[in-house]
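The values are calculated or read from the model by the stated rules, or taken from the named source; none is laboratory data. Given the structure is predicted, the values throughout are model-derived calculations rather than measurements. Neighbour counts run over all protein chains shown; Cβ positions are idealised from the backbone, glycine included. Remember, those area values only see protein heavy atoms, side chains included, never the ligands or the DNA or RNA. Shrake-Rupley method; radii C 1.70, N 1.55, O 1.52, S 1.80 Å.
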Amino acid sequence: MRVPLSWLRDFAPIDGDVDGLVASLDDLGLMVEGVERVGDGLGDIVVARVLEVAAIEGADRIRRVVVDAGGDPLEIVCGAFNFGQGDLVPLAPVGTVLPGGMEIGRRTMRGVTSNGMLCSGRELALSDDGAGLLVLSGVDGAGPGVPIVDALGIEPDVVFDITVEGNRPDAWCMAGIARDLAARLGVPFSLPEPGVTPAGPPVETLASAAVEAPEMCPRLTVRVLEAIDVGPSPPAIARRLTMAGMRPINNVVDASNYVMLELGQPTHPYDLDRLGAPGLLVRRARPGETLTTLDGVERTLGNPGRGLGETGEDCVICDAGGTVIGIGGIFGGASSEISSETTRVLLEAAYFEPMVIARTSKTLRLRTEASARFERGCDPFGIDRATERFCELLALSSPGTRVAQGTLDVRGALRDPIVLTLRTEAVNDLLGTALETEEIAGLLGPIGFRCTPEAPGVLAVDVPSNRPDVRPAPHGVADLAEEVARTYGYSRIARHQPTWAEPGGLTEAQRMRRRVREALVGLGATEVWTPSLVDAGEDARVGVTAAPIAIANPMAQDQGWLRRTQMAGLLRALGRNRDRRQGSVRLFEVGVVFGEPTPGRSTAERSGAGGAQGAYLPTERELASLLLAAEGDDARVAVAALDAIGAELRLAGLRVRPPEEGAALGGLHPTRSARILSGAVPVGVLGEIDPEVAEDFGIEGRLGWLELDLGILADRAVVPRRDERTRPISRFPSSDIDLALVVADPVPADEVADVLGAAGGELLESVTLFDVYRGPGLEPGRRSLAFRLRFCAPDRTLTDREVGALRAACVEAAQRQMGAVLR
Amino acid sequence: MTNARPLDLDALESTAERVLRAATSTAELAEAETAALGKRSELAGAHRTLGALDESERRRVGRELHELRERMESLAAALRLELQAKERSAALEADRLDLSEVVVADLRSPIVRGRTHPVTQSRDALEDVFVAMGFKVAEGPEAETDWYNFEALNMPPSHPARGMYDSFFLELGEPETIVLRTHTSPVQIRLMEAAVAAGTLPIHAVAPGRCFRRDTADASHLPVFHQVEGLVVDRKITFGDLAGTIEAFTTAYFGPEVHSRLRPSYFPFTEPSAEYDITCTICLGAGCRTCSNTGWLELGGCGMVDPAVFMACGIDPAEWSGFAFGFGIDRCAQMRHQIPDMRALVENDLRFLAQF
C-alpha cells in the first residue's frame, strides 16, 4: 500500500526524519518496501499563459508556442496538442531539473529556440497522465509566473510503500497506519468526525434494502444522495489518490476509493436511476447466473469450482427487483456504473463474511481492492463513519448534493464484542518478559484496546471491532501478546538460548545417508541436483514404463510429472557437462523418486475438509544413484563402487544377481546388469547403461550405473551389518592357498566363496576371488574361479599339515555343496 | 509390335525374395537389396523392357512390377528389423559380463575426490549446528495432504493466507487434496501428532527438506527448493527463547560477526509471528546494494506455535508452549558462497560444483 505522509498527518502530528519513521514502521511489522519523495523538484516550475500557438514549417509533431510566465514572452517548442491560446500550463524554465532527473536546457529545433519546456502531469510526477500538458486553466490562484506548488497547494510529500500483513486489515488504510505509528511515537491520534447535514427526503422513500443471505452478508447499509454533479474530483483528492497509486475517475468513484484508502471500508456507488428497481437485495447466486462486471467480462456465478473448497456459494448484490448487479464485496456490474449523466447515487456499504469473499474470489480467480479487504475482515461498525465521510467528500466537488435522511441498515448476526481477561503473567510467560500490568495497558490502549484493571495483575481488554485477528479465549491471549510484543518492540525482548536434557542427534538413517555420500565422493563422484518435476515421456526414455503421477497445475509441460528415476536427470547432467568439454566424470544424486500411491500411506485418518476422500499419498523412495562416466568406467567399476559403499556401511550378505529371465532392468544393458539383493529383498541395481539409451541421450561409450534404495539399506533387519567386534591381529605368519575351482555358470562366485569361508573356519582370515577363466580347456557353461585363501592362527604358526587339512576341507566342501571341481 | 520375351513375374519375385532372405546380417542385406532391387537388378531390367509393350499391356505389367517392387521393399524392411534385433542381441550377448564375479582388485582406484552439492554441504552444516544445540533431525514426505500442508497449520480451505503459497497439486484423489509441500511446516504437524500418539513430548527438532512452489525461477528463487524447519514444544518456552535460538544458530552458521533481528510478521500457524533478518553477509551491516542499504538480509519466518495448531494436534496449549521457525537452505548457501544466481545450483556444471 502506498501511504503519503501528509495523509497520515490528517490523523496524528507525525514528525521526525524519514529514516526514523521507516525504522519505526518496520519495527511495528508495517514493512516499508520503498520510499518515494514526490513534489520535490517542482520549486522552479511556474504557471504560464499561452499567448500564441503556431505551426513550425516542415514539422507536424511540434509547434511553436509563446507564453507569458510573468516576464517577457517566451518562445517554447512543444509536442503536445491538448491546449490552446489562453490556457494556463506548467512551464519548466531553462535550468530546471524535473522530478525524474531531466535537466531542461535551451534547444533549437527547426530554427525555433525553445526557452524551457511545457510539462505533462507525468513529467512533474503529479499524475499518470503523460498524453498531454497538465492544463491548469480554472485552477484558483493560477496565473502567469505563479509557482505551481503555490497554485496547486502542493507540499513536498513522502510516499511509503508499505506491506501490510494479512492479519492486519485494520492497518490496511491511512488511519490504521497512523494509529500504530502515533502509538509508537507517543503522539495523539484522532479520527475527525465527518459532518454531513442530510437535506433530502427520508431514504426509505427512495430505496429499499433486504438481505436474504445474512450468513454471507451480516450487515448491509444503503444511503442515497441526490442532485449530484458528476465531474472531476478536487485536485487535492485526485492528487492523494494518485500518490496512493489509484487513478482518479470521477468525484463519485474517487470519493468511494478515497474512503477505502483512508478508513479501510470498501463502498460501492450505484447509479440509482439505472437500477431496475430502486434498492438492493443481497442473496445467494443461483447456479449458472451471469453478470457482466465493470471490466466488461461476463462472469458465471453459483457453480462449484474445480478446486478445494470452491463450493459455488457466491454472494450477489441485486437491485430491488432481484436482478444481479454486483458480486458482493468483490466487483460491481457494468449496468449500474456511475456516468456523467448520473444525478442520484445509491451507496452500498456492507460487511461480508470473510470466508465467503475468499471462496468466491478464489473460485472466480478474481481479486480486487475490495475483495482483498473483505476477505481479511473489515470493521462491521466502521461502515457508518465511512459512508458519512463519502458524503462529506462528495459535497466538496458537488456542493448541491442532497443527502437523503437516514440509512437503511439490515443486520444479521455480527461477531459479539470480545472482552479478554489478560493475566500479566501469561503475557510474560509467553514472551519471556517482565512487564508490569500498567505497562501492558499503556501499550495496548493507544492502538485501540481499552484495558480495565480487573484484579492485581489482571486486565479486562476490550477488543475493538476493527481487529478480527484477535480471537476469543484461549487463542486471544496469544493474539494480545503479539500486540504487546509488537508495540513494545521485538528487539527489546531479552534473548535467551533455551536448553533441555534430551540430546540432539541424527538418526541412524541420516548418518548412513551422509556416509553413502562420503563414500561416493571418495570414489571421485560429484553430487548433482536434477529435476524432481519432469516431462511425461522423460522416464520412459530410460525404460521406466509405468505412467508417472501428473501435476494438476504445472508451470510448464516439461515439468508436469513426478520423476520415477534419477537416471534421465543424471544422463542429462552428464550430456550437459560433455557438451562443455568435461567428459570424464562421475556424478551422483541422493533424492526422492515417486511412485504409485499405496494404501497405508493414508490421508484419510485426519481428514478435515482437505482430507482426502480415499486418496493416498504417492510412495516416495530415497535413492542414491551413481553414473560412472570416467575414462574406463563400466559395469565392473559399478561393482567396485558397491563394494566400497558396502565396506563403508559394513553391509553383510549383499548379493549381485543377474536380472530375472525376461525381466530386463529399466535402462540397463541387458547382459551387463544385475540386481542387488539382500536375501530376497531388492536393494538396488547396477551395471551399465543400455547403449541404446545412452545413444538416445547423445552419449558415447560405456557408462556404469549403481542405484541403491536408501530406505531399504537403512533397515538393519533387512540388510544386516557385519559384526562390529574387531578380531585381534595375529603376530604369527599367515599361509596362502590358491584354489582354482571349475563350477557351472549358474553357480554364483560369492556363494562359492561363502562355502569356502565356512569350511575354512576360525583360522581362515580371508577369501579373495582373483581370477576368472572361461575358454579352451573348459567345457562350455563352466568357468574356473581362482580364490586365494589366507589362513592364520592367533597363537602359533600353522604347520603345513594343518594348512593341508584345511585346504582339503575347503575343496571337499566346494565339491559337495557347489559341484566344484578342482582344476 | 515387337515380339518381346514375355516377363515371368513369378520367377522374378522368387529370385528377388531368395536373394533377400539369404542375407544373414544387415551388411549382407544391404548388398542383397542392391542385387535384387538396384539399378543392375533383374527387376530394373524388367522395367526397361516395358517400353516395348503396347500401351494397355505396358500399364498392366508396369503396375504388377511396381507392386512386386513394393512387396520386396517391405520384405527387406522387415528383414532389416529382424537382423538388427538379432545383431543387437548378439552384440549384447558378446558383451555379457557376470557382475557377481568381478575381480575388484583389478580395477584402478580413483585418485580424484568428488564433491557433495553445495546445498548438501549447507544442509549438513546447519544440521550439525542444530544437533549441537540439542535438536534432533526429522523428515517428512515431499508430497503432502492438504491437512498437513495447510489445514492443521490453521489454514482451512479458502483461507486467504493460502495465497502466500502458490501450490502444485497432484492429479490424485479429489482436486487440490494432495499437494507438493510448499514448506517444511507440515513436518511440525507430523512431529506433534507422533509425539502425542507415543506420549513422547517434548519436541526439539529441525526438519530439512525439499519444497515446491509455483514461482518462476530467477536469481534468488527456484520453484523446487530446500528449507529447514525448527520446532520446539516444551514447558515454559518463550518468545525470548525463540529469539535466542535464532541468534545462536545465525552466529554459529554464518560467523560471529553476523547477527539476527526479529520483525513482526504474520503466519497463520504462529502467534506472535516474526520474520528474521541477518546482518548482510556482503557488507556486514554497513549497507550495500545487496541489502538495499539496510544492512540486513531477510532469512526466514518464525513465531510461537499458535494455540489453534496445538489443538489440531491434540496438545493442550495451557500446559505446553513452543516455537517454530523456517528458512531456506539454498538461500543460506547463496549468501555464504555469494552465488550471484541461484539457478547455478541446478545447472549441474562441474566447473561450478567443483568449487565447493
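Before moving on, here are some points about what is shown:
- Highlighted here are the strands (runs of 3 or more DSSP E) found entirely within region A:74-193 that include at least 1 residues which are closer than 30 Å to A:Asp27 by Cα and modelled with pLDDT of 90 or more: A:157-163.
- Qualifying position, being touching a strand residue (DSSP E or B) at 6+ places or on another chain (Cβ under 7 Å), among the small types (Gly, Ala, Ser) and within 24 Å of A:Glu215 (Cβ to Cβ), among A:Gly309, A:Gly326: A:Gly326
- The criterion of being open to solvent by 40 Å² or more (accessible area, probe 1.4 Å), part of a helix (DSSP H, G or I) and not assigned by TED's automatic domain parsing to the domain that holds B:Val19 does not hold for B:Ala85.
- Scanning region A:444-490 for residues that are crowded, with 21+ Cβ neighbours inside 10 Å and among the aliphatic types (A, V, I, L, M) turns up A:Leu444, A:Ile447, A:Leu459, A:Val461, A:Val463, A:Val470, A:Val477, A:Ala478, A:Leu480, A:Ala481, A:Val484, A:Ala485.
- Taken over region A:412-431, residues that are open to solvent by 20 Å² or more (accessible area, probe 1.4 Å) and either part of a loop (DSSP other than H, G, I, E, B) or among the polar types (S, T, N, Q) (or both) amount to 8.
- Filter result (touching a strand residue (DSSP E or B) at 6+ places or on another chain (Cβ under 6 Å) and either part of a helix (DSSP H, G or I) or open to solvent by 40 Å² or more (accessible area, probe 1.4 Å) (or both)) within region B:94-118: B:Arg96, B:Leu97, B:Leu99, B:Ser100, B:Glu101, B:Arg115
- Filtering region A:598-643 to residues that are open to solvent by 20 Å² or more (accessible area, probe 1.4 Å) and at pLDDT below 60 leaves A:Gly600, A:Arg601, A:Ser602, A:Ala604, A:Glu605, A:Arg606, A:Ser607, A:Gly608, A:Ala609, A:Gln613, A:Gly614.
- Looking at region A:276-317, the strands (runs of 3 or more DSSP E) lying wholly inside it that each contain 1 or more residues that are among the polar types (S, T, N, Q) sit at A:289-292, A:298-301.
- Once region A:725-746 is narrowed to residues that are more than 60 Å from the chain's Cα centre (by Cα) and among the hydroxyl-bearing types (Ser, Thr, Tyr), the residue that is farthest from A:Leu785 (Cα to Cα) is A:Ser730.
- Among the residues here, B:Cys280 does not qualify as open to solvent by less than 10 Å² (accessible area, probe 1.4 Å) and over 26 Å from B:Asp124 (Cα atoms).
- Within region A:565-584, the residues that satisfy the criterion of being within 23 Å of B:Arg113 (Cβ to Cβ) and either in contact with a Ser or Thr (Cβ under 6 Å, 6 or more places away or on another chain) or free of Cβ contacts under 8 Å to residues at least 60 places away in the same chain (or both) are A:Gln566, A:Gly569, A:Leu570, A:Ala573, A:Arg576, A:Asn577, A:Arg580, A:Arg581, A:Gln582, A:Gly583, A:Ser584.
- Of the residues making up region A:83-112, just one is among the polar types (S, T, N, Q) and touching a strand residue (DSSP E or B) at 6+ places or on another chain (Cβ under 6 Å), namely A:Gln85.
- Residues in region B:69-82 that are open to solvent by less than 60 Å² (accessible area, probe 1.4 Å) and not aliphatic (A, V, I, L, M): 1 in all.
- B:Ala318 meets each of the listed conditions (1) within 12 Å of chain A (Cβ to nearest Cβ); (2) out of contact with any Lys or Arg (no Cβ under 6 Å at 6 or more places or on another chain); (3) buried (at least 20 other Cβ atoms within 10 Å of the Cβ); (4) of a type in the set (A, V, I, L, M) apart from (3).
- A count restricted to region A:644-668 and to residues that are over 44 Å from the mean Cα position of the chain (by Cα) and either facing chain B (nearest Cβ under 10 Å) or surrounded by 18 or more Cβ atoms within 10 Å (Cβ to Cβ) (or both) stands at 5.
- Those residues of region A:564-577 which are over 17 Å from A:Leu626 (Cβ atoms) and either more than 10 Å from every other protein chain (Cβ to nearest Cβ) or open to solvent by less than 10 Å² (accessible area, probe 1.4 Å) (or both), in sequence order: A:Arg564
- Inter-residue pairs, beta-carbon under 7 Å, first part of a helix (DSSP H, G or I) and in region A:369-382, second β-branched (Val, Ile, Thr), 6+ apart: A:Ala370/A:Ile330; A:Ser371/A:Ile330; A:Ser371/A:Ile357; A:Phe374/A:Ile357; A:Glu375/A:Ile357
- Output for region B:152-177, where each listed residue is open to solvent by less than 20 Å² (accessible area, probe 1.4 Å), closer than 22 Å to A:Met555 by Cβ and at the interface with chain A (Cβ under 7 Å from one of its Cβ atoms): B:Ala161, B:Phe168, B:Leu170, B:Thr177
- Residue in region A:509-523 that is part of a loop (DSSP other than H, G, I, E, B), outside the structural domain of A:Asp180 (by TED's automatic domain parsing) and either at negative phi or surrounded by 17 or more Cβ atoms within 10 Å (Cβ to Cβ) (or both) present: yes
- Test: residue in region B:122-140 that is at pLDDT below 90 and crowded, with 17+ Cβ neighbours inside 10 Å: no
- Some residue of region A:267-274 being modelled with pLDDT of 95 or more, more than 23 Å from A:Glu204 (Cα to Cα) and either open to solvent by less than 10 Å² (accessible area, probe 1.4 Å) or not in a helix (DSSP H, G or I) (or both): no
- Residue ranges of strands (runs of 3 or more DSSP E) in region B:167-237 with at least 2 members out of contact with any Phe, Trp or Tyr (no Cβ under 9 Å at 6 or more places or on another chain): B:203-212
- Single match in B:Arg343, B:Arg351 (criterion: without any contact (Cβ under 8 Å) to a residue 60 or more places away in the chain, within 30 Å of A:Arg580 (Cα to Cα) and among the basic types (Lys, Arg)): B:Arg351
- Unique residue being touching a Leu at 6+ places or on another chain (Cβ under 7 Å) and not acidic (Asp, Glu) when the list is B:Ser56, B:Ser25: B:Ser25
- Long-range neighbours under 7 Å by Cβ, at least six apart or interchain, first residue of a type outside the set (S, T, N, Q) within region B:1-28, second exposed (fewer than 11 other Cβ atoms within 10 Å of the Cβ) and modelled with pLDDT of 85 or more: B:Met1/B:Asp54
- Taking every residue in region A:18-29 that is touching a residue at least 24 places away in the same chain (Cβ under 8 Å) and within 9 Å of chain B (Cβ to nearest Cβ) and pairing it with any residue that is assigned to a loop (DSSP other than H, G, I, E, B) and open to solvent by less than 20 Å² (accessible area, probe 1.4 Å), at least 6 positions away or on another chain, the pairs with Cβ-Cβ distances below 7 Å are A:Asp27/A:Gly489.
- Restricting B:Val187, B:Val206, B:Val228, B:Val224 to residues that are under 30 Å from A:Pro618 (Cβ atoms), open to solvent by less than 10 Å² (accessible area, probe 1.4 Å) and within 12 Å of chain A (Cβ to nearest Cβ) narrows the list to B:Val206.
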